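Q: A single structure is presented below for examination.
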Amino acid sequence: MGHRQKILILDDEQDLLEIYQEILARLPSQPEIRTASKGTEAIAALEAEPFALLLVDLNMPQMDGFQVLAIVRRRFPALRTVVMTGATDEDLRGRAYRVGVDLYIEKPKTGREIIFFVDCIESLLERESQGGFRGVQSKTLLDIIQLECLTQNTCVLRITSENGEGRVWIQKGEIVDAAVEDKAGKEAIVEMLAWTAGNFEVLPYGLPRPRTIFMNYESLLMETAQSMDEANEESAAEKPTPETILASFARFTGVQFAIAVDSGEHMKYEHWGADEPAPIALWIRENTSAFKALGEKLGCGELLDAETLGSQRHLSIISGDEEALGIGFTRALGLRQIRETLKQIEAKWAY
């Protein structure tokens, strides 16, 4: 087994420490989980050995979460930090991001919130990619906006990059307006999503903002991503390669990987983003063939698409005459979101 990353959880409630320890021990990356019930214990643990991630509660006696974070930022500037809190105060949220935390999240209560929480922590443990935005370095700006919407937040995202500065107003999980230089609304969203690196800050919502964007955030982000893909393809000198097309699916909400499997005699596939594509490609091929055979036997037609909901990820299959396309989704997405995204992907893949 390779090097296991370490997570330190700081909370003064022992019952919660045990729950979080049990939940995070099941992450696909199988990190080592350590706990501390006091700020001084957490600082001592960080000094004793290297950690990849610190999860800290804000409301604690003697040394609160902000005091711990202030010390951590001075002594361990490279350490990624997550605030977990039961408070819904937007001022606390803004203060936490100003301190430099990577993620501010309310303590999960429902099954869906737990899944979302686990996915966020796993994404922070992933290897950092080139570029990205400070806060969640392995994610694009689209992912950051989606995270704020999924958690039903009300805030203003201020995004800065070498291309300029923009803002996105989010109210109860819906995008109501955006602005960058002389652009506003959807046009501003398109402009900012083209930025590949920079910084973001979460600010209080402040004064009421006139609404210029009336689409729900899922449709807006999908439509914007599709428009950007089409523009890139039109500017290209030649038709995109299969690998390029598969990689472009990363712009769609929640997509983790894509695999195109040839239905011919020999096992052939192209993939993007899959850590172990071979067994997944074989699973797609075998199940597609089995369902096609069953459809012929029962006289109920061919398999068009299928969705499976798993403990680590969701996987969908779009069946074609010569290829089957498998799309891996994050577990935070519901079935309705997956099906809406598949319609967009299918249109692009057919092209």
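The values are calculated or read from the model by the stated rules, or taken from the named source; none is laboratory data. Nothing here was measured: the structure is a model prediction, and the numbers come from that model. Cβ placement follows ideal geometry from the backbone for every residue including glycine, while neighbour counts extend to all protein chains displayed.
Q: If I filter the range 99-151 down to residues being under 20 Å from residue 273 (Cβ atoms), part of a loop (DSSP other than H, G, I, E, B) and among the small types (Gly, Ala, Ser), which single residue comes out as modelled with the lowest pLDDT?
A: Filtering the range 99-151 for residues that are under 20 Å from residue 273 (Cβ atoms), part of a loop (DSSP other than H, G, I, E, B) and among the small types (Gly, Ala, Ser), the one modelled with the lowest pLDDT comes out as 129.
Q: How about the range 60-90: which of its residues are touching a strand residue (DSSP E or B) at 6+ places or on another chain (Cβ under 7 Å) and of a type outside the set (Gly, Ala, Ser)?
A: 68, 69, 72, 79, 80, 81, 82, 83, 84, 85, 88, 90
Q: Follow-up question, since we're still on this one. For the range 317-337, give me the residue count where each residue is farther than 25 Å from residue 265 by Cβ and either of a type in the set (Ser, Thr, Tyr) or at pLDDT 85 or above (or both).
A: 3
Q: Would you pick out the residues in the range 159-181 that are farther than 17 Å from residue 210 by Cβ and loosely packed, with under 15 Cβ neighbours inside 10 Å?
A: 162, 164, 165, 173, 181 - these are the residues of the range 159-181 that are farther than 17 Å from residue 210 by Cβ and loosely packed, with under 15 Cβ neighbours inside 10 Å.
Q: Another question, if that's okay. I'd like to know if the range 288-302 contains one or more residues that are of a type in the set (Lys, Arg), outside the structural domain of residue 27 (by TED's automatic domain parsing) and touching a residue at least 12 places away in the same chain (Cβ under 8 Å).
A: yes
Q: Return the total of residues in the range 53-98 being acidic (Asp, Glu), at pLDDT below 85 and assigned to a loop (DSSP other than H, G, I, E, B).
A: 1
Q: Right, next: Would you check if there is a residue in the range 263-283 being touching a helix residue (DSSP H, G or I) at 6+ places or on another chain (Cβ under 9 Å) and of a type in the set (Val, Ile, Thr)?
A: Within the range 263-283, none of the residues are touching a helix residue (DSSP H, G or I) at 6+ places or on another chain (Cβ under 9 Å) and of a type in the set (Val, Ile, Thr).
Q: Just to verify a result, which residue in the range 1-18, among those that are charged (D, E, K, R) and not in a helix (DSSP H, G or I), is surrounded by the most Cβ atoms within 10 Å (Cβ to Cβ)?
A: Here the answer is 11.
Q: Have a look at 253, 308 and point out the one that is buried (at least 19 other Cβ atoms within 10 Å of the Cβ) and either in the same structural domain as residue 147 (by TED's automatic domain parsing) or not hydrophobic (A, V, I, L, M, F, W, C) (or both).
A: Exactly one residue qualifies, and that residue is 253.
Q: Go through (1) of a type in the set (Asp, Glu); (2) closer than 26 Å to residue 119 by Cβ; (3) surrounded by 16 or more Cβ atoms within 10 Å (Cβ to Cβ) for residue 323 and report which single condition fails.
A: (2)
Q: Looking only at residues that are of a type in the set (Lys, Arg) and in contact (Cβ under 8 Å) with a residue 24 or more places away in the chain in the range 338-351, which one is farthest from residue 265 (Cα to Cα)?
A: Taking the candidates together, the pick is 339.
Q: Here is a further query. Pull up the range 19-52, narrow it to residues that are of a type in the set (D, E, K, R), exposed (fewer than 13 other Cβ atoms within 10 Å of the Cβ) and modelled with pLDDT of 90 or more, then point me to the one that is farthest from residue 122 (Cα to Cα).
A: Of everything passing the filter in the range 19-52, 47 is farthest from residue 122 (Cα to Cα).
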